[in-house]
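Asks: The structure under discussion is supplied below as structure tokens; questions concerning it will follow.
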Amino acid sequence: MEQLQSPTADSVKPSKNRTIQNHLGEDVAVKNADSLLLLCCLVSGLIDSTIYNGRNLSVMVTHGSSDARTIDQPTALSYRCKLVSRSLPLVQHMLLVSACSTPSEPNLLKAIRSLSDQVVRWATIPTNRTAGQSLWYRLSALSWEPLFFLVSAAT
Amino acid sequence: MSPIRRGTLVSSFLIQSTFILVTAAIIEAGVVDGSSPRFAQDIDWRQVIPIALLSFQSAGQMVGSRILNISEIPTVVVTSVLCDFASDPRLTDPLRANAKRNRRLLGFFGILVGAVAGGWISKCAGQIQSVLWLAGGIKLLITVSWMLWPRNRITTE
């Protein structure tokens with residue numbers, strides 16, 4: 001006949017750890033997760049306006065360079081190409097932010113970044129749209145930011 | 001290993017909030033000048049420390065939106081959000097019929113409200129660390145929310 005043993009401290013501790021491990025190991029529900037991302041938008045606005053106010057540069061809110069739309073296109077890119085193209089905008093973003101932190105012609109660097117973003121955007125028009133939608137998309141992709149930054153750099 | 005695992009999201013957002021709080025602490029401690037506005041003529045490489053930390057954590061935030069498959073709110077991009085909003089063929093759909101459009105609009109207003117609030121706080125306080133403490137606190141709150149977030153009950157075989 002088996003004897004029932006009372007749970008000792010040694011046997012309780014691992015089960016607690018296992019519970020935490022299980023809790024951290026499970027997938028979260030994506031439903032309503034957008035509310036947390038909206039809070040992240042608020043954080044982006046807070047940080048970026050503050051840094052821009054003090055240092056005249058943008059550290060978070062970019063103008064399309066880090067948009068992963070370029071990756072999600074229905075193209076025949078290999079996984080490695082996708083990985084590189086996914087990483088490059090982030091590296092570019094970080095390098096340019098560091099470069100912009102120097103007082104020498106920050107507006108010009110912003111202009112270059114913004115222009116390169118527009119080129120990327122122009123080149124990655126979704127192929128599954130109709131001609132009318134594509135034209136509207138192209139028109140709305142054009143922004144006046146590069147011109148604005150170039151003018152402010154020139155002056 | 002699933003990207004939407006609770007542990008992955010909690011650790012990712014914990015790192016992000018740590019980076020913001022470390023930045024705030026660096027400025028608070030006086031390692032980097034936190035007066036606002038400050039446009040120095042000479043190059044001070046210590047200024048790069050908070051910029052690099054904040055920039056790095058912003059990348060983590062964007063990846064978070066991708067792995068949750070809510071790519072319409074990249075959280076760090078304004079132009080593409082507005083562009084997608086304006087070029088949405090279902091722009092004029094009823095309120096509940098187009099969730100992506102609603103998210104884009106709310107995301108844009110989130111950044112706008114944050115920017116206005118951050119600008120005013122830093123202007124009134126004359127320093128940038130107070131906003132960073134606030135932003136770090138909100139990020140920490142998001143981290144705790146991930147810890148308590150309901151689990152996914154749909155299992156894939």
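The values are calculated or read from the model by the stated rules, or taken from the named source; none is laboratory data. Values in this document were obtained by computation on a predicted structure and should not be read as measured data. No Cβ is skipped: glycine too gets one built from the backbone with ideal geometry, and neighbour counts run over all protein chains shown.
Asks: Does any residue of the range B:96-108 turn out to be farther than 23 Å from A:LEU39 by Cβ and surrounded by fewer than 17 Cβ atoms within 10 Å (Cβ to Cβ)?
Replies: The answer is yes; a qualifying residue exists.
Asks: Just to check your reading of the model, which residue among B:SER36, B:SER11, B:SER80 is modelled with pLDDT under 90, of a type outside the set (A, V, I, L, M, F, W, C), farther than 17 Å from A:LEU46 by Cα and surrounded by 14 or more Cβ atoms within 10 Å (Cβ to Cβ)?
Replies: After applying the criteria, what remains is B:SER80.
Asks: Looking at (1) surrounded by 16 or more Cβ atoms within 10 Å (Cβ to Cβ); (2) free of Cβ contacts under 8 Å to residues at least 12 places away in the same chain; (3) over 13 Å from A:ASP34 (Cα atoms); (4) polar (S, T, N, Q), can you tell me which one B:SER58 breaks?
Replies: Among (1) surrounded by 16 or more Cβ atoms within 10 Å (Cβ to Cβ); (2) free of Cβ contacts under 8 Å to residues at least 12 places away in the same chain; (3) over 13 Å from A:ASP34 (Cα atoms); (4) polar (S, T, N, Q), B:SER58 violates only (2).
Asks: Right, next: If you go through the range B:138-157, how many residues are facing another protein chain (nearest Cβ under 7 Å), in contact (Cβ under 8 Å) with a residue 24 or more places away in the chain and buried (at least 16 other Cβ atoms within 10 Å of the Cβ)?
Replies: 5
Asks: Scan the range B:112-131 and give yes if some residue there is assigned to a loop (DSSP other than H, G, I, E, B), within 9 Å of another protein chain (Cβ to nearest Cβ) and either closer than 30 Å to B:GLN47 by Cα or in contact with an Asp or Glu (Cβ under 6 Å, 6 or more places away or on another chain) (or both), otherwise no.
Replies: yes
Asks: Moving on to the next point. Return the residues of the range B:103-137 that are β-branched (Val, Ile, Thr), within 18 Å of B:ILE73 (Cα to Cα) and without any contact (Cβ under 8 Å) to a residue 12 or more places away in the chain; say none if nothing qualifies.
Replies: Correct list: B:VAL113 only.
Asks: Output the residues belonging to the range B:60-100 that are outside any helix (DSSP H, G or I) and of a type in the set (S, T, N, Q).
Replies: Scanning the range B:60-100 gives B:ASN69, B:SER71, B:THR75, B:SER87, B:THR92, B:ASN98.
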